[in-house]
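One structure is given below, encoded as structure tokens.
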Amino acid sequence: MKISFHKYHGAGNDFVIIDNRNDNIQLSTKQIALFCHRRFGIGADGLMTIENDKEFDFKMKYYNSDGAEGSMCGNGGRCIVAFAKKLGIISKETTFVATDGIHKAKINSEKNEISDISLNMNDVENISINKDSYFLDTGSPHHISFVNDVDTINVFEDGKKIRYSDKYKSSNGTNVNFIEVKDEYLKIRTYERGVENETYACGTGATAAAIAYAHKEGFLNKEIQLKAVGGNLSLSFVKEGDIYKKVILRGPAEFVFSGTIEL
């Protein structure tokens with residue numbers, strides 16, 4: 001079986017995307033993991049399929065690099081919007097559905113296969129605080145630790161300890177973000193569950209980090225800049241009562257290459 005695929009990345013967070021609107025391709029966990037393997041496959045942090053939907057422009061299905069179906073992916077969401085534009089499904093704006101519900105997105109600009117995309121994330125509430133760490137769900141669960149020098153953190157070892165700790169064991173673990181506060185931005189590094197390693201960026205992690213920082217500092221309406229290993233993102237919001245609303249993740253989505261793979 002030959003399968004056509006497209007490779008995208010959002011701030012270094014990379015994905016294999018398959019147009020599954022007509023073919024109804026069914027991949028096993030093992031096959032998805034092979035697609036994402038950086039030695040034996042195409043190489044990616046995750047795999048997505050774009051599917052038909054009766055109510056919305058399309059449906060986004062996301063799988064972690066271990067082959068298991070994952071929760072929401074913010075960088076993946078922007079990349080699949082860019083792919084939908086390439087397919088001619090959408091123009092500049094879209095409404096699509098993902099595992100955590102309905103999302104709106106807007107393509108702000110396009111140049112040389114790089115799209116600047118704003119993606120509406122879900123409202124955020126129920127932030128848990130434990131000393132200098134925070135926990136919140138932004139479509140995926142995230143632990144946030146504020147640190148003095150993020151470059152010195154062993155993200156793989158320290159992130160893995162927190163991800164598999166007793167605190168999060170009963171809820172299938174968590175993603176882990178280490179945040180250093182700079183004068184004009186947040187510097188972020190992330191350990192992603194499902195990838196089980198550090199990734200160059202994480203959209204839901206950037207969202208969680210910015211909201212946790214806003215909660216810590218008492219911001220009510222702000223656009224927060226973030227620098228991940230693979231690129232820059234921004235997160236804006238409006239706080240109404242105890243709920244963070246109009247949460248918009250903005251950043252790049254870049255086409256890398258396309259091809260076919262035979263299974």
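The values are calculated or read from the model by the stated rules, or taken from the named source; none is laboratory data. Computed from a predicted structure; not experimentally measured. Positions of Cβ are generated from backbone atoms using ideal geometry, with glycine treated the same way; all protein chains shown enter the neighbour counts.
Things worth noting here:
- Among residues of segment 54-69, those that are closer than 13 Å to residue 99 by Cβ and either assigned to a loop (DSSP other than H, G, I, E, B) or among the small types (Gly, Ala, Ser) (or both), counted: 1
- Test result for residue 217, of a type in the set (Asp, Glu), under 23 Å from residue 128 (Cβ atoms) and touching a residue at least 24 places away in the same chain (Cβ under 8 Å): no
- Within segment 162-178, considering residues that are farther than 24 Å from residue 12 by Cβ and of a type in the set (Lys, Arg), the one modelled with the lowest pLDDT: 169
- Within segment 216-256, the only residue that satisfies the criterion of being under 16 Å from residue 189 (Cα atoms) and of a type in the set (Ser, Thr, Tyr) is 234.
- Residues in segment 142-160 that are farther than 21 Å from residue 71 by Cα and either surrounded by fewer than 18 Cβ atoms within 10 Å (Cβ to Cβ) or at pLDDT below 95 (or both): 147, 148, 149, 151, 152, 154, 157, 158.
- Given (1) touching a residue at least 60 places away in the same chain (Cβ under 8 Å); (2) more than 19 Å from residue 117 (Cα to Cα); (3) hydrophobic (A, V, I, L, M, F, W, C), number of the condition residue 82 does not satisfy: (2)
- Enumeration of residues in segment 19-49 that are of a type in the set (Phe, Trp, Tyr) and surrounded by 20 or more Cβ atoms within 10 Å (Cβ to Cβ): 35
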